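Below you'll find the structure, written out as structure tokens, and then a few comments.
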Amino acid sequence: MRKVLVIGLVLIVALYGAACAGIYAAMIQPPERFGAIMSHVPDLAFLALPFRLFWMSARAGKLQVGDAAPDFELPTLDHSRTVKLSAEYASKPVVLIFGSYT
């Protein structure tokens, strides 16, 4: 009986570890891919796995306070042209807002 309990416990720990590894691997994917994966995750997983810890680690990035922002190019809202950060920064101050500002 004890051997069965030990095997069961080892199996549960292995499954939990595999689930944690799978969720972390999903979190380091691009947002579109991450969203597609997460749409198939059962609600019970959100209670059982440490999502916040994984999310903070997977999305931490490499920038430190005082580092220059990485250069990027985006279309304007009306798609009439593209704006490159380095070109705008060279001619005037630029404020970058990530996320909601409301």
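The values are calculated or read from the model by the stated rules, or taken from the named source; none is laboratory data. The structure displayed is predicted, hence computed values, not measured ones. Counting neighbours? That spans all protein chains shown, and the Cβs are built from the backbone with ideal geometry, glycine included. Accessible surface is based on the protein model in full, side chains and every heavy atom, while ligands, DNA and RNA are left aside. Shrake-Rupley method; radii C 1.70, N 1.55, O 1.52, S 1.80 Å.
Output the qualifying pairs, or none if there are none: Cβ atoms under 6 angstrom, residues six or more apart or on different chains, first residue in the range 1-13 and at positive phi, second residue open to solvent by less than 100 Å² (accessible area, probe 1.4 Å) and modelled with pLDDT of 95 or more.
Between residues of the range 1-13 that are at positive phi and residues that are open to solvent by less than 100 Å² (accessible area, probe 1.4 Å) and modelled with pLDDT of 95 or more, there is no close pair.
Tally up the residues in the range 55-88 that are in contact (Cβ under 8 Å) with a residue 12 or more places away in the chain and more than 21 Å from MET27 (Cβ to Cβ), please.
The qualifying residues number 7.
Can you name every residue in the range 36-71 that is assigned to a loop (DSSP other than H, G, I, E, B), open to solvent by less than 100 Å² (accessible area, probe 1.4 Å) and aliphatic (A, V, I, L, M)?
VAL41, LEU49, ALA60, ALA68, ALA69
For the range 43-102, give me each residue that is modelled with pLDDT of 90 or more and polar (S, T, N, Q).
SER80, THR82 - these are the residues of the range 43-102 that are modelled with pLDDT of 90 or more and polar (S, T, N, Q).
Scan the range 72-102 residue by residue and report those that are surrounded by 10 or more Cβ atoms within 10 Å (Cβ to Cβ) and either outside any loop (DSSP other than H, G, I, E, B) or under 20 Å from the mean Cα position of the chain (by Cα) (or both).
Within the range 72-102, PHE72, GLU73, PRO75, THR82, VAL83, LYS84, LEU85, SER86, ALA87, GLU88, TYR89 meet the criteria.
Tell me whether the range 4-19 contains one or more residues that are at pLDDT 90 or above, open to solvent by 60 Å² or more (accessible area, probe 1.4 Å), assigned to a helix (DSSP H, G or I) and closer than 28 Å to GLY99 by Cβ.
no
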